[in-house]
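Trainee: Submitted below is the structure of interest, expressed as structure tokens.
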Ligand SMILES: [Zn+2]
Ligand SMILES: [Zn+2]
């Protein structure tokens with residue numbers, strides 16, 4: 001890749017927006033696939049992952065368009081399960097029954113894929129909304145280690161510790177949980193429109209050209225969540 005277009009200006013990372021939705025596969029998105037790629041190039045993202053809700057699509061056409069723009073384009077799925085949203089890499093298609101977390105884990109394991117607990121604490125730290133938590137209990141933010149008991153955290157390989165559509169408190173708690181449990185850390189914008197693309201990212205230590213590369217790096221816990229790309233200075237997301 002031409003280094004001037006690789007995004008390395010922003011730091012020694014290969015920077016990926018791991019979580020985006022487009023009009024082609026997500027009814028709630030305003031972001032056309034080509035608009036996503038053009039935006040990714042403009043802000044110097046190295047790669048984007050398209051993670052539609054509960055479906056995936058043939059990326060061949062898009063991959064070639066993305067390559068012209070110097071952006072790697074990879075495919076995932078955001079699977080809606082009974083216990084929350086899970087970012088999945090390594091599946092070529094949606095498989096019936098994976099709305100059940102244990103079934104999803106089996107299917108993903110057979111495919112050699114990866115599961116990420118996406119925005120695991122969105123709206124879940126406010127005691128007024130504790131009824132949405134699976135055990136109806138308020139999550140105690142003083143005790144991130146107790147989140148290990150949450151089935152979705154236990155079942156996933158990685159935690160989305162930075163999601164651009166979550167509050168700072170929700171993201172920081174997710175990061176504390178990941179650190180307490182020694183889980184891999186990733187970030188993504190959860191973009192449904194162009195202006196938020198790249199606001200939250202995952203920082204990889206080296207080039208990622210395929211889903212296999214991506215899965216291997218996250219499994220090895222070699223990634224950090226990052227932000228600051230739009231300000232020209234990507235930094236790992238850390239505790240204050
Ligand atoms: Zn989601
Ligand atoms: Zn999403």
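Trainee: Between 215, 177, which is in contact with a strand residue (DSSP E or B) (Cβ under 7 Å, 6 or more places away or on another chain), touching a residue at least 12 places away in the same chain (Cβ under 8 Å), closer than 28 Å to residue 24 by Cα and assigned to a helix (DSSP H, G or I)?
Mentor: On the way: 177 fails: closer than 28 Å to residue 24 by Cα.
Matching residue, one of 215, 177: 215.
Trainee: Exactly one of (1) touching a strand residue (DSSP E or B) at 6+ places or on another chain (Cβ under 6 Å); (2) at pLDDT 95 or above; (3) surrounded by fewer than 24 Cβ atoms within 10 Å (Cβ to Cβ) is unmet by residue 119. Its number?
Mentor: Answer for residue 119: the failing condition is (3).
Trainee: If the requirement is being crowded, with 21+ Cβ neighbours inside 10 Å, in a helix (DSSP H, G or I), at pLDDT 95 or above and on the phi < 0 side of the Ramachandran plot, which of these qualifies: 104, 18? Write out each step before concluding.
Mentor: Values: 18 fails: in a helix (DSSP H, G or I).
Exactly one residue qualifies, and that residue is 104.
Trainee: Would you pick out the residues in region 195-240 that are within 19 Å of residue 38 (Cβ to Cβ), in contact with a helix residue (DSSP H, G or I) (Cβ under 8 Å, 6 or more places away or on another chain) and surrounded by fewer than 17 Cβ atoms within 10 Å (Cβ to Cβ)?
Mentor: Across region 195-240, the qualifying residue is only 232.
Trainee: Follow-up. Taking the residues in region 142-174 that are under 14 Å from residue 125 (Cα atoms) and touching a strand residue (DSSP E or B) at 6+ places or on another chain (Cβ under 7 Å) as candidates, determine which candidate is surrounded by the most Cβ atoms within 10 Å (Cβ to Cβ).
Mentor: 174
Trainee: Would you be able to say whether some residue in region 127-149 is within 15 Å of ligand 2 (Cβ to nearest atom), touching a helix residue (DSSP H, G or I) at 6+ places or on another chain (Cβ under 6 Å), on the phi < 0 side of the Ramachandran plot and outside any helix (DSSP H, G or I)? If you could, list the steps in order and put the result at the bottom.
Mentor: Start the filter on region 127-149 by keeping residues that are within 15 Å of ligand 2 (Cβ to nearest atom), which leaves none.
No, region 127-149 has no match at all.
Trainee: State the number of residues belonging to region 33-58 that are in a loop (DSSP other than H, G, I, E, B) and either surrounded by 15 or more Cβ atoms within 10 Å (Cβ to Cβ) or under 16 Å from the mean Cα position of the chain (by Cα) (or both). Walk me through it before giving the result.
Mentor: First pass over region 33-58, keeping only residues in a loop (DSSP other than H, G, I, E, B): 43-46, 54-58.
With either surrounded by 15 or more Cβ atoms within 10 Å (Cβ to Cβ) or under 16 Å from the mean Cα position of the chain (by Cα) (or both) added as a condition, the list becomes 43-46, 54-57.
Total satisfying the criteria: 8.
Trainee: Would you check if there is a residue in region 95-104 being within 21 Å of residue 210 (Cβ to Cβ) and touching a strand residue (DSSP E or B) at 6+ places or on another chain (Cβ under 9 Å)?
Mentor: Scanning region 95-104, I find no residue that is within 21 Å of residue 210 (Cβ to Cβ) and touching a strand residue (DSSP E or B) at 6+ places or on another chain (Cβ under 9 Å), so the answer is no.
Trainee: For region 70-111, how many residues meet the condition of being touching a residue at least 60 places away in the same chain (Cβ under 8 Å) and touching a helix residue (DSSP H, G or I) at 6+ places or on another chain (Cβ under 6 Å)?
Mentor: Kept after step one, since they are touching a residue at least 60 places away in the same chain (Cβ under 8 Å), are these residues of region 70-111: 70, 72, 74-76, 81, 83-84, 86-87, 89-90.
Among the residues that remain, those that are also touching a helix residue (DSSP H, G or I) at 6+ places or on another chain (Cβ under 6 Å) are: 70, 74, 81, 83-84, 89-90.
Total satisfying the criteria: 7.
Trainee: State whether one or more residues within region 182-192 are under 20 Å from residue 66 (Cβ atoms), surrounded by fewer than 21 Cβ atoms within 10 Å (Cβ to Cβ) and within 16 Å of ligand 2 (Cβ to nearest atom).
Mentor: Yes, there is a match, as at least one residue in region 182-192 is under 20 Å from residue 66 (Cβ atoms), surrounded by fewer than 21 Cβ atoms within 10 Å (Cβ to Cβ) and within 16 Å of ligand 2 (Cβ to nearest atom).
The values are calculated or read from the model by the stated rules, or taken from the named source; none is laboratory data. Bear in mind the structure is a predicted one, so any value in this text is a computation, not a measurement. With ideal geometry, Cβ positions are generated from the backbone for all residues, glycine too; neighbour counts draw on all protein chains shown.
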